[in-house]
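Asker: I'd like to ask some things about the structure below.
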Amino acid sequence: MLLKKNIPVNYVVGKIKNELIMVAAYAIIIAMFHQFFPSLRISIPIAVPTILATIISLLLAFRSNQAYDRWWEARGIWGAIVNDSRSLAREILTFLDSGESASQELEGFKKRFINRQIAWCYSLSQSLRGQNSYIRSKDLLVDEEIKFTRRFTNMPNSLLKLHGLDLRLAYNNGWLNEYQQVQIDSTLNRLCDSMGKCERIKNTVFPATYSLYIHFCLYLFIALLPFGLIEYFGMFEVPLIIAIAAAFLLVEKMAIHLQDPFENKPTDTPTTAISQTIERDLKQMLNDNQHDDILHRKEQQAREEANLYYIL
Amino acid sequence: MLLKKNIPVNYVVGKIKNELIMVAAYAIIIAMFHQFFPSLRISIPIAVPTILATIISLLLAFRSNQAYDRWWEARGIWGAIVNDSRSLAREILTFLDSGESASQELEGFKKRFINRQIAWCYSLSQSLRGQNSYIRSKDLLVDEEIKFTRRFTNMPNSLLKLHGLDLRLAYNNGWLNEYQQVQIDSTLNRLCDSMGKCERIKNTVFPATYSLYIHFCLYLFIALLPFGLIEYFGMFEVPLIIAIAAAFLLVEKMAIHLQDPFENKPTDTPTTAISQTIERDLKQMLNDNQHDDILHRKEQQAREEANLYYIL
Amino acid sequence: MLLKKNIPVNYVVGKIKNELIMVAAYAIIIAMFHQFFPSLRISIPIAVPTILATIISLLLAFRSNQAYDRWWEARGIWGAIVNDSRSLAREILTFLDSGESASQELEGFKKRFINRQIAWCYSLSQSLRGQNSYIRSKDLLVDEEIKFTRRFTNMPNSLLKLHGLDLRLAYNNGWLNEYQQVQIDSTLNRLCDSMGKCERIKNTVFPATYSLYIHFCLYLFIALLPFGLIEYFGMFEVPLIIAIAAAFLLVEKMAIHLQDPFENKPTDTPTTAISQTIERDLKQMLNDNQHDDILHRKEQQAREEANLYYIL
Amino acid sequence: MLLKKNIPVNYVVGKIKNELIMVAAYAIIIAMFHQFFPSLRISIPIAVPTILATIISLLLAFRSNQAYDRWWEARGIWGAIVNDSRSLAREILTFLDSGESASQELEGFKKRFINRQIAWCYSLSQSLRGQNSYIRSKDLLVDEEIKFTRRFTNMPNSLLKLHGLDLRLAYNNGWLNEYQQVQIDSTLNRLCDSMGKCERIKNTVFPATYSLYIHFCLYLFIALLPFGLIEYFGMFEVPLIIAIAAAFLLVEKMAIHLQDPFENKPTDTPTTAISQTIERDLKQMLNDNQHDDILHRKEQQAREEANLYYIL
Amino acid sequence: MLLKKNIPVNYVVGKIKNELIMVAAYAIIIAMFHQFFPSLRISIPIAVPTILATIISLLLAFRSNQAYDRWWEARGIWGAIVNDSRSLAREILTFLDSGESASQELEGFKKRFINRQIAWCYSLSQSLRGQNSYIRSKDLLVDEEIKFTRRFTNMPNSLLKLHGLDLRLAYNNGWLNEYQQVQIDSTLNRLCDSMGKCERIKNTVFPATYSLYIHFCLYLFIALLPFGLIEYFGMFEVPLIIAIAAAFLLVEKMAIHLQDPFENKPTDTPTTAISQTIERDLKQMLNDNQHDDILHRKEQQAREEANLYYIL
């Protein structure tokens, strides 16, 4: 999850500790060599590492841009899941209508459907992080549904199939007309799309040659750097090289962190918090259902009796 | 809200005053040290801070681009809210039809629906800024609707549910056919999407590692800068360093301002002004309704009687 | 409107004349001071303005990219208006069908609808430029429609409402079935979206802090430049500084021009020309209508009689 | 059309021959002047053209990116035309159904419709390149259709109107139900969008101020370059300046080529080749139609008789 | 296919081996010439290749960005294929309903349809790589379907036509209503779009002038580089030039690899693995079908009998 102030300096430096120790060791060896074997001194003009710095800066900037785009896309997908979950709940609550009779069965059906949608959010969130998909299923699913989902590798997909089967049931029971069934099916398609997009981001490695070549150029640059500075600084080049290397390595690490937004890291997409928001909103929409029907029936009566406050 | 000439120079400098005072103090200390302890002078070639400047410039440029994209996306979402509010009003006014009888009830229904849509815009605008969502609800909602929304944490979402319930009512009353209900439901889905997208931008912190690493690199650059300039300028490096630091810090601040477009700042998305435009347009579409029906009825009569000016 | 060869060099230089005169005056004063008060000479290494040049170049490049995106988006919206106007005309001409009788009334209806769509394009074009929205309404609208639109602040929106009312009329007259009404309503929604998107681009100022900070950095750079060059050139720095300043100021101006594409400037989106293309295409589709029905009736007869040339 | 190896070096150099000759002449004149009037020598530090090189590089890189985006968008539109043509053919072949009788007339109708779609692709391709739109119309259209299209300025648009009229005919004949008519109409809308998008790219000049300002900065840079190099090289600066100018001019030319993808150049979108692919696929789908109905009837019989291989 | 650790250093260096040998030979020749003909020494300031390095870096960075976008688009298309395949299966399994009788025939139909969708994924994957499209067709298609597809050049397109014909069959048999047919047809349209988008990426060469001009500028830069370094290093310039050339050539190669994602290379889109995931998910959805109907019937009975646990 991502909160405003949860990344201490230790955390930042800790991420590149090993790399920095290696860079420091390398810089010290070069400085030593330079000190004790003056006849073998190699020095290159600072313009040479500068040329490499330009291309590495550009590649790192583009790469961190692409990593940010992946992260923002992941966030956008979960935003779409919020929207489509609310739309689905609104459609289930306002489309389904049983006339007068059997109202209790329909209310049960609506509750079961919306709880299943909440369970879908939690199970998608968990399965993306490689954790137990059944975390909230006891509260939100009935036993037969749990048994049904156990037969699938992909639990969220099995819940979408149950949604589809329930839509057929509602249609056969006459609670939905055919246009409404197709309209809710379109909402299910959008949820299915969001699920697949999350899996795509989760399962697609950032192109390995891309990462590797940038990594290679970066170390080539760090390897040349001491020879460009040694002439001016002697031993003082060591802290300078560590500082410059730290800046570049941090940017590379940042990109690596952002590019995989479903890995239990502090910069992840906050899928659990989003699922909780969905649960709160959907439960309020659902629990309210018993009251508002009464409210609306009253309103309609009031209108039919008086037609008073509608006159302009 | 964002107007053309409302940002004085004081405002601009005021934003980075504290940082500039610290940078000035740091630059003065280095210059003093250099003056009074000539034996311990450290000087680095200007090429070293230049390398850092390149990568920081790129990262800041990309970051301000991403911040601008967030800001423009927020503006685009409110543009979509304008469009969908107008489309919703047009659909409500031209789809709903009660035949001959009960016209007064239907007019009241239409007025209530469109006023509720205006209230939705104001309440979304207010809730995004963390302010009272009920600001215009007295004028625009009936008491039972206000009572209904009080039971929800998310007021705009409760209004969308009321929209949905009213659509069912209209369908049951025979004012809408099933295709029209589904078409208006699609419009509600788009409004629900826009609402969720605003919440996503509001609630998603810009990735903390990203901000932090750029901030870290920027201060590393500013910390190295005096050592690169001290040799040429002595005490004159102080104003130069302040000027350069000001340029970079301003760009960083600009990005921070743009990236959160719903925070009551001068660069915000003008949600209140947009809501007022929606109110104006929707009220004109609504108030006009009483006249245009008459107009059209006249036109139709004219056509039925004469069929004159249609002959080509 | 944007034509290939309509921007003379005078126009280009004229845009930054005032700024260049000020820059020249500043450069001359610095050079004079340098000449006559040699004891107070200040000179800075050229690397310092170079660092600023890098970040300003990047910001200007990104900014001109964003301005270009706004301009291209505006062009794309008017492209969508062309497409949706044609689709609307095709749908009106091929969906509406009155069976045998009352064909004259229906032809009049079609003609009035399509003329109104042409009027919508002109009035949107004019209102975006802040000019008279009624420019072609005498030719294209009937008097009652003009009277109707006068009651609205937003004339194009009132025309869309008239479209919607006419669709209801056509549906009530049995010229359209309910699916066709909803399909045409979707086309109206897309036109409504395009209208709102144009208004968004028109009404949204480019973020003021963004423009201001870039402007500030640019003048900081120009202010430092003479001190970096004075040592090498003396009085010769004046033309050099003017040339460099001209390059940067031109790029900034270019961005300012592109970012507002509805302001009666030579780089504007050619909304009037596009409206004329729409008028030509829609009128050909409409006028042709009287012939092609006959054509098709003949064809059908031919087929029914012979079924000859369809055999493969 | 764009093939892998069709751009020889001659072609590349030929594009900037005139510019290079002028640059060479200019460089030689400067070198002569420098040689023969040593008292009037002007020399500027190489850092000055470097500052200009940075901003020009950025602007050229962004511009070539925008030109690439236009080119790729054009390619994507023609990709959408392929997809929608196939979808249209599939819908025409599988939706239209006449029950038992009059099958020959329906087969003729389907063939005429799909041939007209192929003709639409060819005529759009030709009209975008400003060539004869009727290139394949003899093979693909019936005489009455050709006569009909002659009354339109925009031939592809007239073919879409014929599509729409045929859909009405099919609906009136009972070959299509109303949902299918609306679904195919949506496909026509997408084709109409693609057509309009191609026209938009074709007719929209790249913003002239943008091109002009970049061009101006580029020549300013080339004009300054000899003064920065003359001191070190004397006459040797001539080949260097030609090489550097060639690199920048080539990048500018490349952008100019890519930005207009419908101009009969080797880098164009291969609209003719794409139209041929569409023709091949649609003809196979069509010709096959006579066999597969038989195939399916057999299959259904087999299933009705035995129901064997469906048992799991 | 793309796995995390499958690119050894050998592979990386191997890709640019030939280029590096040529660069080394060139650098050695220049160094020799410089050593043995001191009177003909040519040396240029390092700033000249730096100017070229800036523009090449920018062009390469943009180009690798565009190549990455192609690669990511390809991955996104296959993600959409996953989503639409699952949606198609859900729609087929939950829409089609035969009432009571003939259930066995319908189950066979569903199985055949879903197997055909799996075959479509495999055949698209194979045909994009230019390999045998019939790889899994024996398992997944019935003989008549294979015979049908043999008459088409484009096998996946023929399978979509079979899908469309089967939809008509299902509609004629009364298993689907007309809205459901149109809804599934929309899913087929999306699959058809994805197919066409893959073909577009496969068949569109990256613009040849673009590649060529960048290539030309890169070699111009490498050709100038030795003259900039020879003065400082003598023979030591050889390894430096190889290192710098390697960095730039690697970035160019990386872009070339990413831009064509369907060519049997290690960085390809993993279309076979994705097809296997689709097969697993669709088969689980299908095989489960026999159980869940029973499950649901039981649930419904339980509800009808007791209506117990639905009471809130």
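Asker: When you look at E:E299, is it within 30 Å of A:Q104 (Cβ to Cβ), surrounded by fewer than 22 Cβ atoms within 10 Å (Cβ to Cβ), modelled with pLDDT under 75 and touching an Asp or Glu at 6+ places or on another chain (Cβ under 7 Å), yes or no?
Answerer: yes
Asker: So, one more: Give the residue that is farthest from E:A119 (Cα to Cα), with candidates limited to residues of segment E:153-174 that are of a type outside the set (K, R) and facing chain D (nearest Cβ under 7 Å).
Answerer: Going through the qualifying residues, I end up with E:L169.
Asker: Please enumerate the residues belonging to segment E:194-219 that are touching a residue at least 60 places away in the same chain (Cβ under 8 Å), in a helix (DSSP H, G or I) and more than 13 Å from D:V251 (Cα to Cα).
Answerer: E:S194, E:M195, E:K197, E:C198, E:E199, E:I201, E:K202, listed by residue number.
Asker: When you look at E:L240, is it open to solvent by less than 20 Å² (accessible area, probe 1.4 Å), more than 24 Å from E:Y68 (Cα to Cα), in a helix (DSSP H, G or I) and touching a residue at least 12 places away in the same chain (Cβ under 8 Å), yes or no?
Answerer: no
Asker: Here is a further query. Limited to segment D:192-216, what total is found for residues that are of a type in the set (A, V, I, L, M, F, W, C), at the interface with chain C (Cβ under 7 Å from one of its Cβ atoms) and buried (at least 21 other Cβ atoms within 10 Å of the Cβ)?
Answerer: Final tally of qualifying residues: 1.
Asker: Out of (1) facing another protein chain (nearest Cβ under 7 Å); (2) without any contact (Cβ under 8 Å) to a residue 40 or more places away in the chain, the odd one out for C:D97 is which?
Answerer: Every condition holds for C:D97 apart from (2).
Asker: Let me ask another. Within segment A:128-149, can one find any residue that is in contact with a Ser or Thr (Cβ under 6 Å, 6 or more places away or on another chain), open to solvent by less than 20 Å² (accessible area, probe 1.4 Å), of a type outside the set (K, R) and under 26 Å from A:K202 (Cα atoms)?
Answerer: yes
Asker: Quick one: which helices (runs of 4 or more DSSP H) lie wholly within segment C:1-98 and hold at least 3 residues that are open to solvent by 10 Å² or more (accessible area, probe 1.4 Å) and at pLDDT 85 or above?
Answerer: It comes to C:17-36, C:47-95.
Asker: Just to be sure, is E:A80 away from chain D (no Cβ under 13 Å) and in contact (Cβ under 8 Å) with a residue 24 or more places away in the chain?
Answerer: no
Asker: Let me ask another. Give me a count of the residues in segment C:261-296 that are modelled with pLDDT under 85, under 15 Å from C:A74 (Cβ atoms) and open to solvent by 10 Å² or more (accessible area, probe 1.4 Å).
Answerer: 4
Asker: Identify all residues within segment E:223-237 that are open to solvent by 10 Å² or more (accessible area, probe 1.4 Å) and in contact (Cβ under 8 Å) with a residue 40 or more places away in the chain; write none if there are none.
Answerer: Those that are open to solvent by 10 Å² or more (accessible area, probe 1.4 Å) and in contact (Cβ under 8 Å) with a residue 40 or more places away in the chain: E:A223, E:L224, E:F227, E:E231, E:G234, E:M235.
Asker: Taking segment A:150-162, which residues are touching an Asp or Glu at 6+ places or on another chain (Cβ under 8 Å) and open to solvent by 10 Å² or more (accessible area, probe 1.4 Å)?
Answerer: Of everything in segment A:150-162, those that are touching an Asp or Glu at 6+ places or on another chain (Cβ under 8 Å) and open to solvent by 10 Å² or more (accessible area, probe 1.4 Å) turn out to be A:R151, A:F152, A:T153, A:N154.
Asker: Just to be sure I understand, how many residues within segment E:88-117 are in contact with a Ser or Thr (Cβ under 7 Å, 6 or more places away or on another chain) and acidic (D, E)?
Answerer: 1
Asker: Would a scan of segment D:100-123 turn up a residue that is crowded, with 24+ Cβ neighbours inside 10 Å and either within 14 Å of chain C (Cβ to nearest Cβ) or free of Cβ contacts under 8 Å to residues at least 40 places away in the same chain (or both)?
Answerer: The answer is yes, given that some residue of segment D:100-123 is crowded, with 24+ Cβ neighbours inside 10 Å and either within 14 Å of chain C (Cβ to nearest Cβ) or free of Cβ contacts under 8 Å to residues at least 40 places away in the same chain (or both).
Asker: The conditions are (1) over 22 Å from D:P49 (Cβ atoms); (2) touching an Asp or Glu at 6+ places or on another chain (Cβ under 7 Å), and C:F33 fails exactly one of them. Which is it?
Answerer: (2)
Asker: Here's something else I'd like to know. Say whether the condition of being acidic (D, E), open to solvent by 50 Å² or more (accessible area, probe 1.4 Å) and in a helix (DSSP H, G or I) is met by at least one residue in segment E:163-186.
Answerer: no
The values are calculated or read from the model by the stated rules, or taken from the named source; none is laboratory data. Here the structure is a predicted model, which is why all the values come from computation and not from measurement. Neighbour counts run over all protein chains shown; Cβ positions are idealised from the backbone, glycine included. Ligands, DNA and RNA are stripped out before the accessible areas are found, and what is left, the full protein with its side chains, is counted by its heavy atoms. Shrake-Rupley method; radii C 1.70, N 1.55, O 1.52, S 1.80 Å.
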